Amino acid sequence: IICFVLSVFLAVAFLSPSRAQAYLVQTNGRLDYLLYPKHDPKIVVVGRVTAFKFPPPPKDGFMLNEPDISFDVEFHVDAVLFGSLKTDTLTLHEDGFVWPSVLVEQKAGAYCILILYDNRVEREGEAKLAINAVVPAKPGKFTTAATYDALRPVLIEQILAQLADEKNLARQWHLLRQVAPILDKEHVHAVEPFLASKNTWVRRAALGAV
């Protein structure tokens, strides 16, 4: 993450020496970190993306407007997996979050889980939520978890369901990397077949997961 942020800073600095600017970006968060009880409060929802909206190209060329970093996403909530939310429709403005397109396509219709940072307290009650992580999912029956420990198996099973059907090596690697920090002993068997992958990176990711 540090290298990525530094590379963005240097790129902007060299391309615009007279008006050097830096932009902080956030990649898809580690699930073990995000689900740590003592960290910032989270709201976790599952549902379908109904629309993506992207900003127009900047007139002066000095604004960051990469489509996977700066966007608005409209999201229909099928279920709240953790926390409390009174609406089933979300419109989230992101300016610095790198959407994980390999895991979940950045297009309307994509079904996924969103782990949201709830900073309404910091903003004096304003309903402002920000994406911390995106997890691929499949439609089904979901219930609200009372604790992060109860939520963790739900995320594991959703990721492993994607992994079981996946043939693309790059996406296998990303799925293995996402599930690895939270994988428990009960689900290790689902990862073991990838230890025999002919692809070195997939094999290493599987080894790291088990």
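In Å², and per residue, what accessible area does region 138-201 have when probed at 1.4 Å with the other protein chains present?
60
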### Task
Please give, to one decimal in nm, the separation of the simple spin-label points placed at Ala196 and Val210, each 7 Å out from Cα toward the Cβ.
1.0
### Summary
Rounded to a whole number, the Stokes-Einstein D of region 115-210 in µm²/s (Kirkwood radius over Cα pairs; 25 °C; 0.890 mPa s) is 165
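How much length is gained if the chain between Ala146 and Thr87 is pulled fully straight, taking 0.36 nm per residue apart and subtracting their Cα-Cα distance, in nm to one decimal? Present the calculation step by step, with values, prior to reporting the outcome.
Details: separation 59, 0.36 × 59 = 21.24 nm, distance 1.89 nm.
Net length gain for the segment: 19.3 nm.
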### Query
Under the classification rounded if a/c is under 1.5, otherwise prolate if a/b is larger than b/c and oblate if not, where does region 69-109 fall, given a ≥ b ≥ c as square roots of the Cα gyration tensor eigenvalues?
prolate
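The values are calculated or read from the model by the stated rules, or taken from the named source; none is laboratory data. Since the structure is predicted, the reported quantities are computational estimates derived from the model, not experimental observations. Positions of Cβ are backbone-derived with ideal geometry, glycine not excepted, and every protein chain shown enters the neighbour counts. Surface areas here come from the heavy atoms of the whole protein model, side chains and all, with no ligands, DNA or RNA. Shrake-Rupley method; radii C 1.70, N 1.55, O 1.52, S 1.80 Å.
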